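Just below is one structure, and these are the notes that go with it.
No value in this document is a laboratory result; all are computed from the given coordinates. Since we're looking at a predicted model, the values are computed, not measured. Heads up, the Cβs are rebuilt from the backbone with ideal geometry, glycines too, and the neighbour counts pull from every protein chain shown.
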Amino acid sequence: MTTRVGYIGLGDMGKAMASNLAPKGFDTRVYDLNPEPVKELVAAGAVGAASCREVGEHAELLSICVPADAHVEAVLLGENGALAGMAKGSIVAVHSTVQPDTIEKVAAAARERGVHLIDACVTG
């Protein structure tokens, strides 16, 4: 069985990380506001999504790599946010470097849905 993964945020770091998934056999769904990196990853075997929620509906494991606190909240909690579509038992890894309060807020929302959230920030 192939793990279903999602990736939201395909800037320099996110695209580099996400580009390893589909070629390694993961069933990968990706989203970014900029369509160009989505097209590149689709050419490498990923599937492009129309919204964060669509990625969330697909993913057993969702990675997020967006620039700031407001973006993390929008991606997970906003209208068409990923968290609304995620199944109980799914996992979110937030790779953004954000404030502890932001992680606590989105982790609490994830817990209410039975979704696990990991603060897994990366640096350049």
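I want the local charge near PHE26. Using Cβ-Cβ distances under 11 Å, sum +1 for each Lys or Arg and -1 for each Asp or Glu among the other residues. List each step's numbers first, then the result.
Numbers: positive: ARG4, LYS24, ARG29; negative: ASP27, GLU60.
Summing Lys and Arg as +1 and Asp and Glu as -1 gives +1.
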Taking P(r) over Cα pairs in 10 Å bins from 0, in percent straight from the coordinates, which label in [x] 15, 51, 31, 3; [y] 12, 43, 36, 9, 0; [z] 13, 47, 29, 10, 1 is the correct one?
[x]
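Which FRET efficiency value, to the nearest 0.05, is calculated for GLU104 and ALA84 with the Förster distance at 22 angstrom and r the Cβ-Cβ distance?
Numbers: r = 19 Å, r/R0 = 0.87.
The formula returns an efficiency of 0.70 here.
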DSSP H helices in the chain with Cα extent of 15 Å or more along the helix axis and mean Kyte-Doolittle hydropathy at least -1.0?
100-112
Within segment 24-57, name every residue whose backbone N is under 17 Å away from a label modeled 7 Å from Cα of ARG113 along the Cβ vector.
29-32, 49-57
Net charge over other residues, Cβ less than 9 angstrom from the Cβ of THR102 (K, R count +1; D, E count -1)
-3
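Given the rule -39500 (n - 2.57) for each run of at least 4 DSSP H residues, summed and divided by the residues of the chain, what is its mean residue ellipticity at 222 nm, to the nearest 500 deg cm²/dmol? Intermediate values should be presented prior to the final figure.
On the way: 5 runs with 45 residues, N = 124.
About -10000 deg cm²/dmol.
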